[in-house]
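These notes are about the structure you will find just below.
Please treat every number below as a calculation from the coordinates, not as lab data. On a predicted model such as this, the values are computed, not experimentally measured, just so you know. Methodologically, a virtual Cβ is constructed for each residue, glycine included, from the backbone with ideal geometry; neighbour enumeration extends over all protein chains shown.
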Amino acid sequence: MAARKFALGARVHLSLGRYAESNPTDIYTISRMLPAEANIWQYRVKRVSDGQERTVSEPMVVAVQSDSAAAERHEKAVGAQQDLRRVRNEAARARARPARYSRV
């Protein structure tokens, strides 16, 4: 069996199928190295922006290029995702609050 391509803590992108939910701005870190399954190494990865974890096989991950422009674009995209999440959560909280009726 070949050696692993990625080390613990490495930053990667997911290269999922054509119809799968994969955003090229999402960066994951290798959080655990799992045993091989059918002679293919498995990894547990964690999304940097929101902490979502998933298990992926080695062919599904691609190393992140470490240039400063890409890092800046990623930070901007993460900030935009967090802002959008904040707005959606506020709207959900507003809908969940009971309406107060005043007696006339």
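Tell me, what ³J(HN,Hα) does each residue in the stretch 43-52 have, in order and in whole Hz, if you take phi through Karplus 6.51 cos²θ - 1.76 cosθ + 1.60 with θ = phi - 60° and put x for Gly and Pro?
Residue by residue, the stretch 43-52 yields 9, 9, 10, 10, 5, 5, 5, 10, x, 5 Hz.
For Ser57 and Arg95, what does the FRET efficiency come to when R0 = 30 Å and r is the distance between their Cβ atoms, rounded to the nearest 0.05?
On the way: r = 40 Å, r/R0 = 1.33.
It comes to 0.15.
Quick one: which residues, 5 or more positions from Trp41 or on another chain, have an amide H under 5 Å from its amide H? H modelled 1.01 Å from N in the peptide plane, none for Pro or chain starts.
Residues meeting the amide H criterion: Glu58.
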